[in-house]
Amino acid sequence: MQQDSSQVVPPQRQAPPQEHLISTVEKGPFCSAACSCGWRGPARRARGRARADAAAHQEA
């Protein structure tokens, strides 16, 4: 038997890149950043430093 070579298999679609949704979480005097992908930053006393951790994660 011969197969019909006129049938073309379409390429598989790749999943779109996952969007990283960052939030900050405060626990007492500490603040940490968390991402929807599961990443968590270290606890920081300064909110600005937690935001910087989140920005570095988004760039990576």
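Throughout, read-outs are computed from the coordinates displayed, never taken from laboratory work. From a predicted model like this one, the values you see are computed outputs, not experimental measurements. Here Cβ is always computed from backbone atoms with ideal geometry, including for glycine, and neighbour counts include all displayed protein chains.
For the stretch 26-60, trypsin sites (Lys or Arg not before Pro) are listed when DSSP marks them as loop and at most 11 other Cβ atoms sit within 10 Å of their Cβ; the list is ARG45. Estimated at 0.36 nm per residue, the fully extended path between ALA60 and TRP39 surpasses their Cα-Cα distance by 6.4 nm.
Applying the Karplus relation 6.51 cos²θ - 1.76 cosθ + 1.60 with θ = phi - 60° to the stretch 44-60 yields 3J(HN,Hα) values of 10, 7, 9, 4, x, 5, 5, 5, 5, 4, 5, 5, 5, 5, 5, 6, 6 Hz, where x marks Gly and Pro. Net charge of the neighbourhood of ALA33, taken over other residues with C-beta under 12 Å away and scored Lys/Arg +1, Asp/Glu -1, is +3. The protection proxy used here, the mean number of other Cβ atoms lying within 10 Å of each residue, ranks peptides 18-24, 33-39 as follows, highest first: 33-39, 18-24.
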